[in-house]
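We did not get these values from a lab; they are worked out from the coordinates using the rules stated. Keep in mind that what you see is a predicted model, and the values were worked out from it rather than measured. Methodologically, a virtual Cβ is constructed for each residue, glycine included, from the backbone with ideal geometry; neighbour enumeration extends over all protein chains shown.
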Amino acid sequence: MIRDPKNFETFLAEVRSFVRNVAIPNEDRVEAEDRVPEEIVDEMRRRGHFGWSIPEEFGGAGPHDRRAGPHQPRDIAVFGRL
């Protein structure tokens, strides 16, 4: 998925939407419970937010796609409290 520019942009838009609509509104809950609630992890899993660095032969996006690199620090920073 990440190798196709259109799909990659769609994926990034989905991650941004998740951060805006799910991650940020739940920051206080995550901090108070000191864990990410299972329903949030399940939603991340359902949306395909895992496996960016897992080799494709194991079902991931592959570790060598440089297009993911510039976005990771910014996007992952938002997940920092998760």
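Counting Lys and Arg as +1 and Asp and Glu as -1 over every other residue whose Cβ lies under 12 Å from the Cβ of F50, the net charge comes to +1. The label-point distance for V41 and A13, in a model that sets each label 7 Å from Cα toward Cβ, rounds to 3.0 nm.
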